[in-house]
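Notes follow the structure.
The values are calculated or read from the model by the stated rules, or taken from the named source; none is laboratory data. The structure presented is a predicted model; accordingly, all values stated were derived computationally and were not measured. Note that each Cβ is placed from the backbone with ideal geometry, even for glycine, and that neighbours are counted across all protein chains shown. Each accessible area value is taken on the protein alone, full model and side chains, heavy atoms only, with ligands, DNA and RNA left out. Shrake-Rupley method; radii C 1.70, N 1.55, O 1.52, S 1.80 Å.
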Amino acid sequence: MATDFSKNAEERPEPQKAEIKGNIPSWLQGTLLRNGPGIFTVGETSYQHWFDGMAIIHSFAFKDGEMTHRSRFLRSDTYKENMAANRIVVSEMGTMAYPDPSKNFIFKAITFLHHTVPDFTDNGASNIIKYGNDYYATSETNYICKIDPVTLETQDKVDYMKYLPVNLATSHPHYDREGNAYNIGTSIAEKGKTKYTLFKVPAASANDEDGKPTLKNVEVVCTIPCRSLLMPSYYHSFGMTDNYIIFVEQPFKLDILRMATAYMRGVSWASCLKFCPEEKTIIHLIDKKTRKEVETKYLTGTMVVYHHVNAYEEDGHVVFDIIAYDNTSLYEMFYISRLKEHGNTYDENYCKPTYRRFVLPTSSDKGAAVGENLVKLTNTTATAVKEKEGKLWCQHEVLCEGFELPRINYDSNGKKVKYVYGNCVVQSALADKIGKFDTETKKMIYWKEDNCWPSEPIFVPRPNGESEDDGVVLAAVINSNPDQADFLLVLEGRTFTELARANVNAKLQKDVHGYFIPQ
């Protein structure tokens, strides 16, 4: 049965106890936050792209075998301005907002100037990130919104640019064992240069001032020059091990000059994304200790990457896994018109993702012959062939196909993992099942139920667990079966069988990403 993913949500800010079927493990104590777009129409105006919808955050709080649910719209400045005007007045990536025709010339002129040098939206509808002890709703602009993780109330709007010069930043930071957060952003034409800035937000300490964002302590780890001044690469995530950070500079770019003129040309900023299939992909490897990029240049073929899976080090190599596409059609799949046209059925333009493994030798290639494969690991078919001194051509190994929104047991992040959990998207960008993938045997086991649409699955490890997959997998599920409730699914990590489902007294929405906060 079809379901409408562009229908406006209704918030439920008061906690409501869910009806539990099955048994939630007593050790599962904490809160799962899910974030995604929830408002697609304001007055007589509508967003053109699903990612543009105004954010709604859902909370699933577990305690003593029970679960309570609540939801609340993010009270961003974008939300406030749109609601006050009863129309969309703040532009998003796929939807350009224009002034009310009844407004006077001066108002229209000011609006024009505002969009020529755009101040990006603070509609953080992509993910939840943690800096210090604070939680933020985020998208990929320079704005993030601090939220109360219990009540979901919006507290403060924070501008990255007050602390470091980044116009854009990913919504997928990494965290090390000490609680430090690492992220990467783009500095556009800052002091005449466009560069990628890798930064570290230290873990919370007793010396932190109450009410002051932890970002005030941010450190720049290193910067990487962009290969073109006004066309930086688009990216959504990156990889990290104990000693290295992996950044993929792909030939999918933001054309800054076209973005500056998009408003007057009557097009969206998304139309200014440029895919350059004739260009190679550059893989940057940064040494966390020296805070410098390693000398070897790693190159590979054209691809489009949104999500890194994991990365680890093995015998003088850095191994990293990603979900990659051959073109940019995934973004096109989520235009509202396309979703309504194809619903949950097969779209002939859909490009199925592949789970790819790359291997980067970290030792010097001096003495190796041109054409020699420098990958010495025997457990992969990935190669890194010497082209000339200091330059390697990397060819990936395909582990599986039709797999997205990958999550691992994050306690093992940066280490070699056996299991990855994700959405199965074989025929459509909309998932109707989730899978547990074994990276060693290349086998997948599934959870699926007719007319149900699961979110990205999140693994929560059992305290003092005995194995990597000793824990539970949580997924919010939209249930389009008649007279059946939406629910939060709890799967046993090892067997991937259902332990419980918590039926909520509310409608859930297709969301993007989430974060589990242990109690």
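What the table below lists for this structure:
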read-out	value
Pairwise centroid distance, computed over Cα atoms, of region 218-289 with region 454-519, Å	33 Å
Order by protection proxy (mean Cβ within 10 Å, highest first), peptides 482-490, 142-150	142-150, 482-490
Selection from Tyr244, Ser46, Phe487, by position along the positive dipole direction of the chain (Cβ)	Tyr244
Segment Lys212-Leu229, length gained on full extension (0.36 nm per residue, minus Cα span)	2.7 nm
Region 33-97, dipole about Cα centre (Lys/Arg Cβ +1, Asp/Glu Cβ -1), debye to the nearest 20	180 debye
Net lengthening on full extension, Lys391/Glu314 (0.36 nm per residue, minus Cα-Cα)	25.7 nm
Coil-residue trypsin sites (Lys or Arg not before Pro) of region 262-358, DSSP, other Cβ within 10 Å capped at 10	Lys289
Accessible area per residue in Å² at 1.4 Å probe, computed on region 409-519	39 Å²
Cα gyration tensor category, rounded, prolate or oblate, for region 396-457 with a/c compared to 1.5	prolate
Among 369-378, 194-203, the order from most to least packed when residues are scored by Cβ within 10 Å on average	194-203, 369-378
FRET efficiency for Asp483 and Thr41, using Cβ-Cβ distance with R0 set to 22 Å, rounded to 0.05	0.25
Linear extension gain, Trp27 paired with Glu10, 0.36 nm per residue minus alpha-carbon span	3.0 nm
Share of Cα-Cα pairs in region 205-286 lying beyond 18 Å, as whole percent	60 percent
Sulfur and carbon atoms: percent of accessible area, region 276-355 [1.4 Å]	47 percent
Dipole moment magnitude, nearest 20 debye, the chain about Cα centre, only Lys, Arg, Asp, Glu C-beta charged	940 debye
Kirkwood-based Rg to Rh ratio, region 409-519, C-alpha trace	0.96
Over region 270-369, relative contact order from alpha-carbon pairs under 8 Å, at least 6 apart, %	24 percent
Inter-label distance, nm, simple model (7 Å from Cα along the C-beta direction), Asp470/Glu81	5.2 nm
Cα pair count fraction exceeding 21 Å, expressed as % - region 261-397	54 percent
Calculated log₁₀ intensity ratio I(q)/I(0) where the Debye formula runs over C-alpha points of the chain, q = 0.06, 0.11 Å⁻¹	-0.27, -0.98
Inter-centroid distance (Cα atoms) of region 38-98 relative to region 118-167, Å	14 Å
Region 333-421, Rg to Rh (Cα coordinates; Rh as Kirkwood inverse mean 1/r)	1.14
Percent accessible area from carbon and sulfur atoms, region 368-484, protein chains only, probe 1.4 Å	47 percent
Computed [θ] at 222 nm, helices only, for the chain once each DSSP H run of length n ≥ 4 contributes -39500 (n - 2.57)	-2000 deg cm²/dmol
Relative contact order of the chain, pairs being alpha-carbon contacts under 8 Å that are 6 or more residues apart, as %	13 percent
Scattering curve values for region 154-313, log₁₀ I(q)/I(0), Debye with Cα scatterers, q = 0.12, 0.13, 0.18, 0.20 Å⁻¹	-0.58, -0.67, -1.20, -1.40
